[in-house]
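So the structure is just underneath, and the comments pick up after that.
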Amino acid sequence: MKSSFWGDYLSRNYVVGVDLGGTKILTAVADRQGSVLSRVRVATGADLGQDHVINEIVTSVAVALREAGVSTEAVAAAGIGVPGPLDPQTGVVYLAPNLGWQNLSLGEILGSRLKLPVYVDNDANLAALGECVYGAGQSADNLVYITVSTGVGGGLILGGKIYHGFSGGAGEIGHITLAADGPRCGCGNLGCLEALASGTAIAKRAVALVAEGRGLGILSRAGGDRGGVSARVVAAAASNGDGEAILIMRDAGRYLGMAVAGILNLLNPSVVVLGGGVMQSGSILWEAMLETTRRCALSSALQEVSIVRAALGEEAGVMGALALALEKSQGV
Ligand SMILES: [Zn+2]
């Protein structure tokens with residue numbers, strides 16, 4: 001039998017979602033059907049310190065509620081995505097390098113400031129949940145989300161729930177080793193997917209090529225400015241038919257395909273969603289990824305899997321935070 005406390009929360013018809021990023025905070029209010037009533041975007045101001053960021057979150061929630069015409073008393077729960085490892089049970093953020101945070105009891109602090117049950121999870125996990133429930137994921141029970149931008153991140157939905165692993169570290173797809181002697185990754189290892197297929201990796205390879213006096217098509221796309229060589233420039237040169245740029249994009253796609261094939265063989269998901277800026281960089285990388293996935297994955301895992309582009313863009317995290325708050329506030 002439900003206690004009166006939870007009975008009270010069940011009668012509350014709205015949820016709040018927050019996606020806390022290194023540079024911006026996205027906040028939204030939705031009803032129990034998941035319809036978004038308001039969205040607020042503010043700068044994180046991480047350099048102004050922890051208290052400032054927490055105040056910004058609290059204020060952005062108040063503004064989002066006001067814009068939605070919803071009172072705190074009508075909110076069942078808030079979900080929040082944080083960039084870094086954390087304990088989703090206790091809401092303690094172990095480390096958030098972009099925010100300069102260490103061992104912060106964020107769930108507890110926000111719970112008392114917002115006067116709401118607050119559920120904390122990793123931002124990539126929530127982006128996976130957001131795409132699953134509201135985006136390209138078709139509400140699949142078993143879904144893998146991969147985001148390729150400056151880094152490579154990911155999240156796993158297994159059996160309809162975010163899969164955290166034993167100590168919360170699951171889903172670090174970017175740090176799967178794919179080349180034993182490959183380039184150095186930010187994590188210290190050699191040959192991680194992130195060091196081979198991220199936007200940073202693509203740009204690095206092009207910069208090295210240009211430094212050797214090659215990659216003239218790429219350099220001209222950057223307006224002749226070596227400092228302007230980026231993944232976006234390489235992708236544009238590739239789309240324009242530049243052979244060296246095509247090779248770089250194809251190689252990044254092949255490594256992604258190897259990772260996707262490994263994930264299919266290991267987890268047999270029904271949907272793989274790929275998002276992030278690099279995945280929107282034209283068809284060369286995408287086709288190379290698909291071709292390699294088909295070649296490397298076992299046919300049992302390939303059958304009927306949908307490999308699709310993400311649908312929510314930068315909204316994935318905040319939508320996932322709303323989905324988490326909804327899930328946690330149902331059936332308690
Ligand atoms: Zn790594």
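Rule-based calculations on the coordinates, nothing more; no lab input. Small disclaimer: the values here were computed from a predicted structure and weren't measured. Cβ: placed from backbone, ideal geometry, glycine included. Neighbour counts: every protein chain shown.
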| said: If R₀ is 45 angstrom, what is the calculated FRET efficiency for the pair residue 311 and residue 102, using the beta carbon separation as r and rounding to 0.05? | reply: 0.85
| Applying the Karplus parametrisation 6.51 cos²θ - 1.76 cosθ + 1.60 with θ = phi - 60° to the phi angles of the range 131-141, what ³J(HN,Hα) value in whole Hz is obtained for each residue in order, glycine and proline being reported as x? | 5, 5, 7, 10, x, 7, x, 6, 6, 5, 6
| note | Gyration tensor on Cα atoms of the chain, a ≥ b ≥ c root eigenvalues, a/c under 1.5 rounded, else prolate if a/b beats b/c, else oblate, says prolate
| Among 310-317, 96-103, 203-210, 163-170, how do they line up from the highest to the lowest mean number of other beta-carbon atoms within 10 Å? | 310-317, 203-210, 96-103, 163-170
| Residues of the range 93-115 with amide N under 19 Å of the 7 Å Cα→Cβ point at residue 51 | 99-114
| query | All other residues with a Cβ under 13 Å from the Cβ of residue 196 taken together, and with Lys, Arg as +1 and Asp, Glu as -1, what is their net charge? | reply | +2
| Stretchable slack from residue 180 to residue 94, in nm (0.36 nm times residue separation minus alpha-carbon distance) | 28.0 nm
| task | Extending each Cα 7 Å along its Cβ direction at residue 295 and residue 167, get the distance between those two points in nm, one decimal. | result | 3.7 nm
| remark: With the charge dipole of the range 139-310 built from beta-carbon charges (+1 for Lys and Arg, -1 for Asp and Glu) about the Cα centre, the Cα from 174, 185, 261 projecting farthest to the positive end belongs to 185
| message | I want to make sure I understand the PRE zone here: with the label point 7 angstrom from the Cα of residue 303 toward its beta carbon, which residues in the range 273-294 have backbone N atoms less than 18 Å away? | response | 294
| task | Let me know the shape class of the range 247-295, please: from the alpha-carbon gyration tensor, a ≥ b ≥ c as square roots of the eigenvalues, rounded when a/c is under 1.5, otherwise prolate if a/b is greater than b/c, or oblate. | result | oblate
| Counting Lys and Arg as +1 and Asp and Glu as -1, each charge on the Cβ, what is the dipole of the range 139-310 about the Cα centre in debye, to the nearest 20? | 180 debye
| request: Rank by packing, highest mean first: peptides 185-191, 104-110, with packing defined as the count of other Cβ atoms within 10 Å averaged across residues. | output: 104-110, 185-191
| note | Sorted on mean Cβ neighbours within 10 Å (highest first), peptides 193-199, 85-91, 173-179 come out as 193-199, 173-179, 85-91
| message | Output the 0 to 90 degree angle, nearest 10, between the alpha-carbon long axis of helix 243-267 and the longest principal axis computed from the alpha carbons of the chain. | response | 50 degrees
| Using a simple charge model, +1 on the beta-carbon of Lys and Arg, -1 on the beta-carbon of Asp and Glu, nothing else, what dipole does the chain show about its Cα centre, in debye to the nearest 20? | 260 debye
| Which of 75, 16, 128 sits farthest toward the positive end of the charge dipole of the range 1-131, with +1 on the Cβ of Lys and Arg and -1 on the Cβ of Asp and Glu? | 75
| field | the chain: angle of helix 50-68 to the longest principal axis, Cα-based, in degrees nearest 10 | value | 70 degrees
| query | Is the range 236-332 best put as rounded, prolate or oblate by its Cα gyration tensor, with a ≥ b ≥ c the root eigenvalues, rounded for a/c under 1.5, and otherwise prolate when a/b is larger than b/c, oblate when not? | reply | oblate
| said: Between the range 291-332 and the range 30-72, how far is it from one alpha carbon centroid to the other, in angstrom? | reply: 25 Å
